[in-house]
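The values are calculated or read from the model by the stated rules, or taken from the named source; none is laboratory data. Just so it is clear, the model here is predicted, and its values are computed rather than measured. All Cβ positions, glycine included, derive from the backbone under ideal geometry; neighbour counts span all protein chains shown. Areas reflect the complete protein model, heavy atoms only, side chains present, ligands, DNA and RNA absent. Shrake-Rupley method; radii C 1.70, N 1.55, O 1.52, S 1.80 Å.
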Amino acid sequence: NVTENYIEDFFGIKLTETVTGQTHDIQVSENIMDLSNGGTAGLSSSAAGILVQGGWNIGITHNDIYEAPDDGIQVSYDPTGSGANNIQIEDNFIYRSAVAVSGQEGIQIVSDGMFPVTNIKAKDNDIVNPSIGIRVRFATNAVYSDLELSNNKINGALSYGISLLGQNSKVNNNEIDNAGTYGILVEGLNGATREGIIEASGNIIKDNSP
């Protein structure tokens, strides 16, 4: 487990199948990170506050992440050949003192057709001034299953509060304030609507443009 650390540096915490062999049954919790000392947006996913590539049964809970150069938290497939399953992202505080530039997502989830990312739950997170609050996307054609985004608070996003590219997903009871464009954007591949399977209810969207 990775718990109760204070990290003041350019990089945060990285868990990958490449580094550890097999990443599973791990809790990343109650860490405090101030990553304001260097880096620019989009430099590298390794500059995320917490980066998980592949693995299963991982909890990312009760962490405070300040000024991450890239995403606050990113969960994705491992490009060396494995997906991710059963990841809980819960009750984290992700903060930037100023509105982010493009590439500084609060939470980003990335799946792949060969190495899918499944059973991901992002709940009760508080995200301030991201480029996109929570972004779900594909590296290539993939189908998410059992994806749940619920009870998150997102304030001051540069563009979207939540951007969801996929299906088999629930987006419920989130509160989105002051997003630069849409509070919630749901897209299909290449702009086409995908079948199956978006449930969205109980979300509160305030003071957004347009």
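Odds and ends about this structure:
- Residue list for the range 84-98, restricted to those being open to solvent by less than 20 Å² (accessible area, probe 1.4 Å) and not β-branched (V, I, T): A84, N92, R96
- Residue within the range 3-25 that is under 20 Å from L158 (Cβ atoms) and either at pLDDT 90 or above or surrounded by fewer than 20 Cβ atoms within 10 Å (Cβ to Cβ) (or both) present: no
- Complete set of residues in the range 40-55 that are part of a loop (DSSP other than H, G, I, E, B) and at pLDDT below 60: T40, A41, G42, L43, S44
- Positions within the range 99-141 being among the small types (G, A, S) and open to solvent by less than 60 Å² (accessible area, probe 1.4 Å), in sequence order: A100, G103, G106, S111, G113, A122, S131, G133, A139
- Leading residue by the ranking (farthest from N119 (Cα to Cα)) among those in the range 57-72 that are in contact (Cβ under 8 Å) with a residue 40 or more places away in the chain and not in a loop (DSSP other than H, G, I, E, B): I65
- Only one of the numbered conditions (1) at pLDDT 95 or above; (2) aliphatic (A, V, I, L, M); (3) touching a Ser or Thr at 6+ places or on another chain (Cβ under 8 Å) is violated by V171, and that is (1).
- Within the range 174-186, being surrounded by 16 or more Cβ atoms within 10 Å (Cβ to Cβ) and either at pLDDT below 75 or not aromatic (F, W, Y) (or both) holds for N174, E175, I176, D177, N178, A179, G180, G183, I184, L185, V186.
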